[in-house]
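Q: Questions regarding the structure given below will be posed in turn.
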Amino acid sequence: MQIISMQVRRAAAALFGGLLLAHAGQVLADVSPLSVSGNRVLAGGQPASFAGNSLFWSNTGWGGEKFYNASVVGWLKKDWGTKVIRVAMGVEESGGYLQDPAGNKARVKAVVDAAIANDMYVIIDWHTHHAEDYRTQAVAFFQEMARTYGKSNHVIYEVYNEPLGISWSGTIKPYAQAVINAIRAIDPDNLIIVGTPNWSQDVDAASRDPISGANVAYTLHFYAGSHGQWLRDKAQTALNNGVALFVTEWGSVNASGDGGVNESETWAWVDFMKAKGISNANWALNDKAEGASALVAGASAQGGWSAGQLTRSGALARQIIGGWPGAPTNSGCTRMAVPAQLQAEAYCNMSGVQVEGTTDTDGGSNVGYIDTGDWMTYDVNVPAAGSYLVKYRVASQSGGGVIQLERGGGGATYGTINVPSTGGWQNWTTVSHTVTLAAGQQTLAILAKSGGFNINWLDISRPTDPVGSGITIQAENFDSQSGVQTEATTDSDGGLNVGYLDAGDWLSYPSVNLATAGAYTIEYRVASLNGGGTLQLEEAGGSVVYGALNVPATGGWQNWVTIKHTVQLPAGQRKFGIAVRNGGWNLNWFRVSKAP
């Protein structure tokens, strides 16, 4: 029963913590020291990952240098939830460190000092494609940084940004070893990150001949418009070989830094990084007129940006960074395909709430102790843009609560609804409103605009589109797979399809909620040059097989037809898998509908 408010308990905890620090004679905020164990970066000895921003090149006169200030760092921490920031100090290019050492070092130090003050990790990046040509200068620079900041847990050294197509063992590794030795003579333990061949993509090559020494990770860079499953496969090889990775630079656009946002591939990368515990920084916090820039031209150089001052890639990056596991996470978190009923306690991230047993009709647990400003996030996959009915199962002793449904990390508010008094913390009622949601994978958040209520579940459905009328799942929106790749499709709905399907490959998908058991029609949008393929619908993992279907020849890899079969499915949450029994076909989407 909620007798003492969470605010009171938090105040007591803060007071107790303050007394402990005062007793110790020290009041010092800090971050946990980073270390490497096997293929994981640890914080305070525990697995952890962090998300944040990379600044643009620091070079004098390039335009991005105006964002190298404490106000920007503070705003990123406060508004974006940034946990790590990268200073990309240009080296040999015009206006870089070699030409203007004082100006560039001053910018680096301004950001590093601000990050330390805001309890953020900060990457000091030797931002060049030819570091081996400037070894002497790199050694001197990192020695100075180690002397200045080596006792701070916040600081990470990135000794090479993006090598080009040069030898790992013959060129990059000897350079890196020399710089690392110079750092370690001063700073014995802070994390060091080393770039890898071909624009920091060939992490697998580095993993086969790793650098000796402790607390070394390897740089992986990706741009979702250009880099797909094949690069994740390289990353997985490196992890399998026992090295740790750090994505010090990623973008949702093309590798050129321009082009449109590829949301589906970005989310595939986000899911991969979360699953593997890989920290990351989004390129770039800048207002240059290109797709990778987070800000529109002319945005303030002091922070305080409105949603309208973020580019499409910037808004997506803010959503991802704000939703990154930094608050306590819940192992029950899984991406759910709408329509779905989400148990409130299956949040992905939260702030301030607690889970307790419920006496509601479905039993289990509810989320309680919800005070103003508390929040929970949930990962969902919305099949189509449009209106959705959102129901909340709530209880409140006195009423007065207000729920706000918003995009994870803020930036878009979908609607608010009042929570009435139900006469008790376990007296349950259902409230609902209609909101407009975009299509695709996304993070939704429940924010308590006003607290004083419990919540058991939320249910999202189309108001005029019952479950029985069917749900379409895009093939590329898998949450796990083996052996496949995504590619652009020329099918009528555009977007991506899954291809390169060979015997033994498989895909699994976020859970789908089936209201009733019975016969369901499963349609598949397929293409095959020669036919002969066979697909199998199963419960992910293969514990239950629902049915199999042959894939005919369609005359081309982008000549699409729809095939279907009828299967018997049980009610409840179904996590579908598609197993490739015989390969040689592509898949664009599949649809689950109640059979007539």
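Q: Mind telling me which of the residues 519, 595, 515 ends up being within 31 Å of the chain's Cα centre (by Cα) and either surrounded by fewer than 21 Cβ atoms within 10 Å (Cβ to Cβ) or modelled with pLDDT of 95 or more (or both)?
A: 515
Q: Further question on the same structure: Count, please, the residues in the stretch 376-397 that happen to be open to solvent by 10 Å² or more (accessible area, probe 1.4 Å) and either within 14 Å of residue 342 (Cα to Cα) or modelled with pLDDT under 90 (or both).
A: Residues meeting the conditions: 10.
Q: Among the numbered conditions (1) more than 28 Å from the chain's Cα centre (by Cα); (2) farther than 27 Å from residue 587 by Cβ, tell me where residue 470 comes up short.
A: Unmet condition: (2).
Q: Right, next: Please pick out the residue among 323, 373, 303, 277 that is in contact (Cβ under 8 Å) with a residue 60 or more places away in the chain and touching a Pro at 6+ places or on another chain (Cβ under 8 Å).
A: Answer to the selection: 277.
Q: Looking at the stretch 300-317 only, could you name the residues that are assigned to a helix (DSSP H, G or I), in contact with a strand residue (DSSP E or B) (Cβ under 9 Å, 6 or more places away or on another chain) and farther than 15 Å from residue 253 by Cα?
A: 309
Q: Output the number of residues of the stretch 121-134 satisfying the condition of being crowded, with 16+ Cβ neighbours inside 10 Å and out of contact with any strand residue (DSSP E or B) (no Cβ under 6 Å at 6 or more places or on another chain).
A: Number of matching residues: 6.
Q: Go through (1) at pLDDT 95 or above; (2) open to solvent by less than 40 Å² (accessible area, probe 1.4 Å); (3) out of contact with any helix residue (DSSP H, G or I) (no Cβ under 6 Å at 6 or more places or on another chain); (4) at negative phi one by one and return the number of the condition residue 49 breaks.
A: Status for residue 49: all satisfied but (1).
Q: Given the residues 282, 286, 262, which is the only one that is buried (at least 17 other Cβ atoms within 10 Å of the Cβ) and under 21 Å from residue 487 (Cβ atoms)?
A: When all the criteria are applied, what remains is 262.
Q: List the pairs whose first member sits in the stretch 180-198 and is more than 21 Å from residue 44 (Cβ to Cβ) and in contact (Cβ under 8 Å) with a residue 60 or more places away in the chain, whose second member is assigned to a strand (DSSP E or B) and β-branched (Val, Ile, Thr), and whose Cβ atoms are under 6 Å apart, counting only residues at least 6 apart or on separate chains?
A: 195/219
Q: Considering only the stretch 168-204, how many residues are part of a helix (DSSP H, G or I), in contact with a Pro (Cβ under 6 Å, 6 or more places away or on another chain) and within 21 Å of residue 38 (Cα to Cα)?
A: Counting residues in the stretch 168-204 that are part of a helix (DSSP H, G or I), in contact with a Pro (Cβ under 6 Å, 6 or more places away or on another chain) and within 21 Å of residue 38 (Cα to Cα) gives 1.
Q: Another question, if that's okay. Within the stretch 146-175, restricting attention to residues that are open to solvent by less than 20 Å² (accessible area, probe 1.4 Å) and more than 30 Å from the chain's Cα centre (by Cα), which residue is farthest from residue 218 (Cα to Cα)?
A: Among those residues, the one meeting the criterion is 146.
Q: Of the residues 503, 540, which is in contact with a Lys or Arg (Cβ under 7 Å, 6 or more places away or on another chain), open to solvent by 20 Å² or more (accessible area, probe 1.4 Å), within 18 Å of residue 581 (Cα to Cα) and at pLDDT below 90?
A: On inspection, the qualifying residue turns out to be 540.
Q: Identify, from the list 400, 373, 363, the residue that is modelled with pLDDT of 85 or more, surrounded by fewer than 16 Cβ atoms within 10 Å (Cβ to Cβ), out of contact with any Asp or Glu (no Cβ under 9 Å at 6 or more places or on another chain) and not aliphatic (A, V, I, L, M).
A: It is 400.
Q: Moving to a separate point now. Exactly one condition in (1) over 26 Å from residue 346 (Cα atoms); (2) in contact with a Leu (Cβ under 9 Å, 6 or more places away or on another chain); (3) crowded, with 17+ Cβ neighbours inside 10 Å is false for residue 569; which is it?
A: Just one mismatch for residue 569, condition (1).
The values are calculated or read from the model by the stated rules, or taken from the named source; none is laboratory data. On a predicted model such as this, the values are computed, not experimentally measured, just so you know. Cβ: placed from backbone, ideal geometry, glycine included. Neighbour counts: every protein chain shown. Ligands, DNA and RNA are excluded from the accessible area calculation, which covers all protein heavy atoms including side chains. Shrake-Rupley method; radii C 1.70, N 1.55, O 1.52, S 1.80 Å.
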